[in-house]
Amino acid sequence: MQQMVAMQISAPGQPLEKIERAVPAPGAGELLVQVAACGVCRTDLHVLDGEIPAHYPIIPGHEIVGRVAAIGQGVEGFAIGQRVGVPWLGHTCGQCAYCRADRENLCDAPLFTGATRDGGYATHAIADARYCFILPERFSDVEAAPLLCAGLIGWRALRLAGEAPVIGLYGFGAAAHILAQVARAQGRTVYAFTKDGDDEGQAFARSLGCAWAGGSSQTPPEPLDAALIFAPVGDLVPLALRAARKGGRVVCAGIHMSDIPSFPYADLWEERILLSVANLTREDGTSFFELASNIALHTVTETFRLEDAGEALHRLRTGKVKGAAVIVPPQVA
């Protein structure tokens, strides 16, 4: 029987451990995907630390790029060997009020790749075929991996920001480095906010077209029409509100954030809007990948072997990853 290799979290707070087990067979409506690359996301750290709901033991990873290795009963539109991408939202009920209203990102009974169903820190993964995307061919496997979450969540956050000709990006990591390029392609002015004193991160932001880059405590050159917060730091919310113009929006784009401190009502007044992004819809994916196919977008990546996934997470936690970290599992014959 063919064996798969994976890095698993046994319980919250426990380090990743290498496991081997039989390659699973896809059930009805599912695909078996041989993983070629899997992006490393800050949400994986939240799963590791027990900060968001997850089913343990769990194989993390929800930015999966791979090839279809087997097709379950009833699946149409896919072929063996076809390249697919598997995102965070891995399954929805299709029946609750949110699903019926085309708001499947808020489904009452969802499954999340790498949190409540096994993910892509592995040689193989099972995926619901309905939630697999066909990826633009111009991206390599490694280049495409960060698009499956950093790209998709960034895109949803940007859409919620509205027209917003001047935007600020707080936390210049995997998502922001993609979104800055998207926003620039749309003709927007982009300002980047990093940790105070992060000269290297600010230079990286400027290299991707940001008109200004500075520390999070600094005031941008002009008021923001919208601020998008990717760093999981609640202290950034009042700062972003103060940087926003009257009627501006502040979008919290992370799945987890430290507590937001109290702030004066004056920071919110004048019809400023504070909102959050939750997950994504399949339409977010199809529209984003169509866009990504037609603009000068590239991802900056650092690759790691599967057995070094723990090191990748540590580097992400300590802010030492430039762009996005991507795990490349061994290819099994």
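The values are calculated or read from the model by the stated rules, or taken from the named source; none is laboratory data. Just so it is clear, the structure is predicted and the values come from calculations on it, not from any experiment. Methodologically, a virtual Cβ is constructed for each residue, glycine included, from the backbone with ideal geometry; neighbour enumeration extends over all protein chains shown. All accessible areas refer to the heavy atoms of the entire protein, side chains included, with ligands and DNA or RNA removed. Shrake-Rupley method; radii C 1.70, N 1.55, O 1.52, S 1.80 Å.
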Give the stretch 257-282 a look and list any residue that's of a type outside the set (A, V, I, L, M) and without any contact (Cβ under 8 Å) to a residue 12 or more places away in the chain, or say none. SER262, PRO264, TYR265, TRP269
Could you look through the stretch 285-299, keep only residues that are among the hydrophobic types (A, V, I, L, M, F, W, C) and in contact with a helix residue (DSSP H, G or I) (Cβ under 6 Å, 6 or more places away or on another chain), and pick out the one that is nearest to ALA144 (Cα to Cα)? LEU297
If you go through the stretch 228-263 one residue at a time, how many are assigned to a strand (DSSP E or B) and out of contact with any Phe, Trp or Tyr (no Cβ under 6 Å at 6 or more places or on another chain)? 10
Of the residues that make up the stretch 1-11, is at least one among the aliphatic types (A, V, I, L, M), modelled with pLDDT under 95 and part of a loop (DSSP other than H, G, I, E, B)? yes
Take the conditions basic (Lys, Arg) and more than 30 Å from ARG130 (Cα to Cα) and apply them to ARG249. Does it pass? yes
Given the condition part of a strand (DSSP E or B), open to solvent by 40 Å² or more (accessible area, probe 1.4 Å) and hydrophobic (A, V, I, L, M, F, W, C), answer yes or no: does some residue in the stretch 105-113 qualify? yes
Residues satisfying the stated conditions in the stretch 218-230, i.e. surrounded by fewer than 24 Cβ atoms within 10 Å (Cβ to Cβ) and touching a strand residue (DSSP E or B) at 6+ places or on another chain (Cβ under 9 Å): GLN218, PRO220, PRO221, GLU222, PRO223, ASP225
ASP199 passes all but one of the listed conditions (1) farther than 14 Å from THR299 by Cβ; (2) touching a residue at least 12 places away in the same chain (Cβ under 8 Å); (3) open to solvent by 30 Å² or more (accessible area, probe 1.4 Å); the exception is number (2)
Take the residues in the stretch 264-284 that are part of a loop (DSSP other than H, G, I, E, B) and out of contact with any helix residue (DSSP H, G or I) (no Cβ under 7 Å at 6 or more places or on another chain), then tell me which one is nearest to TYR98 (Cα to Cα). GLU271
Examine the stretch 7-24 for a residue that is hydroxyl-bearing (Ser, Thr, Tyr), farther than 27 Å from GLU302 by Cα and more than 18 Å from the chain's Cα centre (by Cα), and state whether such a residue exists. no
Which count do you get for residues in the stretch 179-188 that are more than 17 Å from the chain's Cα centre (by Cα) and under 22 Å from CYS38 (Cβ atoms)? 0
Identity of the residue in the stretch 230-239, touching a residue at least 60 places away in the same chain (Cβ under 8 Å) and under 21 Å from the mean Cα position of the chain (by Cα), that ends up farthest from LEU316 (Cα to Cα): LEU236
Could you tell me whether any residue of the stretch 137-160 is in contact with a Ser or Thr (Cβ under 8 Å, 6 or more places away or on another chain) and free of Cβ contacts under 8 Å to residues at least 40 places away in the same chain? no
Do we find a residue being open to solvent by 60 Å² or more (accessible area, probe 1.4 Å), at pLDDT 95 or above, more than 30 Å from ARG67 (Cα to Cα) and not in a helix (DSSP H, G or I) anywhere in the stretch 287-306? no
The residue that is most open to solvent (accessible area, probe 1.4 Å), considering only those in the stretch 114-141 that are farther than 19 Å from VAL5 by Cα and of a type in the set (A, V, I, L, M), is ILE134
Restricting attention to the stretch 80-96, report how many residues are more than 13 Å from GLN34 (Cα to Cα) and open to solvent by less than 60 Å² (accessible area, probe 1.4 Å). 9
Note on HIS55: of the conditions (1) over 20 Å from GLN2 (Cβ atoms); (2) of a type outside the set (Phe, Trp, Tyr); (3) crowded, with 19+ Cβ neighbours inside 10 Å, unmet is (3)
Within the stretch 20-31, can one find any residue that is of a type in the set (A, V, I, L, M) and within 21 Å of GLU137 (Cα to Cα)? yes
Which residues, taken from the stretch 159-178, are buried (at least 24 other Cβ atoms within 10 Å of the Cβ), over 18 Å from VAL237 (Cβ atoms) and over 11 Å from the mean Cα position of the chain (by Cα)? HIS177
Got at least one residue in the stretch 183-191 being at pLDDT 95 or above, farther than 17 Å from SER216 by Cβ and buried (at least 23 other Cβ atoms within 10 Å of the Cβ)? yes
